[in-house]
Amino acid sequence: MHYQGNIFRPPSEAYSILLQITTGCSHNKCTFCGMYKGTRFSIKNDDTIMADIDFAALHCRNQDRLFLCDGDALILPQERLLSILAAVRVKLPWVTRIGTYANTKSIRMKTPEQLKELHAGGLAIAYMGLESGDDVTLQNINKGADAEKMIDMGKKLRAAGMKLSITVLLGIAGRERSHIHARETGRVLCAIDPEYVGALSLMLTPNTPLFQASNRGEFFLLSSKEMLEELAIMIAGTELTNGYFHANHASNYLPIKAKLPKDKKATLQLIARALDGKVGLKPEYMRGL
């Protein structure tokens, strides 16, 4: 495979075929994210992409999922993206699910009809980074969209028939807006009603503006207890029709796997027990990005 730079994918795509069709992220301005810093956004040429599909046809026959990398694959022109999906269907017929990251910019560029066409072509799930439902926090982290735009674009994907997995980030609002961030994020998740929510806990990395702000004393990272309090408020305010709320990423202090609404009460009780010191938390040295 012709990989360029570091390759990132959602935790649930750990065993997927990773087909890199773009490099970097077209936005690449979020203050907390260092994944694509120093990487220029580009779309790879068709010859390279098709060669990688041919490679997967020979060497990836035990993997039935495929993920389109990097951070902004959905931004490809429609016909090019459809041709890639068609090639996957023909050359990798055992693949049952294709996924991609999606941001508000790339979703906005597709019409509802085009998104339905992509879904019909095999694009089954999209991963969207909400991070927060609080407009002040979204502006502070330079996310490039407000909460209403996030809601509109999330609904647009769901209306096309795709499954939607939304990432939220515990601690991203700092201490001052922690509870506001939690409540507003729950509100936005209710409005979108995705199939999956994945909560990560903020870990500062040196190549980011937020890390530098922390060093200057302008941003304060939450303690493990404050992260759990925020998570409890967020889950309490989240109503999903039939969705999963997971906080089992390596960054989290307390692994959570909940089906909402069925598991909400038990999950909140678990968090309460952890806050009371009756359930052990993951030590700092075991956390990871």
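Tell me, how many Å apart are the Cα centres for region 234-273 and for region 134-208? Here the answer is 16 Å between Cα centres.
Distance between the 7 Å Cα→Cβ label points at ARG287 and ALA191: 2.9 nm.
For the chain, the longest principal axis of the C-alpha atoms and the axis of helix 147-159 are separated by about 40°.
For the cross-link pairs LYS257/LYS282; LYS155/LYS262; LYS149/LYS264; LYS91/LYS259; LYS37/LYS116; LYS37/LYS163, the ones whose C-alpha atoms lie over 25 Å apart are LYS149/LYS264; LYS91/LYS259; LYS37/LYS116; LYS37/LYS163.
Applying 0.36 nm per residue to the separation of ILE7 and ASP46 and subtracting their alpha-carbon distance, the gain on full extension is 12.2 nm.
The C-alpha atoms of the chain define a longest principal axis, and helix 178-192 lies at about 40 degrees to it. Shown here for region 183-289: GluC sites (Glu not before Pro) in loop regions (DSSP other than H, G, I, E, B) with at most 16 other Cβ atoms within 10 Å, namely GLU195, GLU218, GLU239.
The loop-placed trypsin sites (Lys or Arg not before Pro) in region 51-118, going by DSSP, that have at most 13 neighbouring Cβ atoms within 10 Å of their Cβ come out as ARG61. Note on LYS44: aspartates and glutamates with a C-alpha under 16 Å away, same-chain residues under 8 apart excluded, are ASP52, ASP54, ASP70, ASP72, GLU79. Once the Kirkwood radius over Cα pairs is known for region 1-124, the Stokes-Einstein relation at 25 °C and 0.890 mPa s delivers a diffusion coefficient of 167 µm²/s. Pairs of C-alpha atoms in region 151-289 farther apart than 22 Å represent 39 percent of all such pairs. Between 0 and 90 degrees, the angle of helix 224-236 with respect to the longest Cα principal axis of the chain falls at about 70 degrees. By the Cα gyration tensor, region 65-192 has an equivalent ellipsoid whose semi-axes, rounded to whole angstrom, run 30, 13, 12 from largest to smallest.
Any read-out appearing in this document is the output of simple, stated calculations on the displayed coordinates, not a laboratory observation. Since this is a predicted model, take the numbers as computed values, not measurements. As a convention, Cβ positions derive from the backbone with ideal geometry for all residues, glycine included, and neighbour counts pool all protein chains shown.
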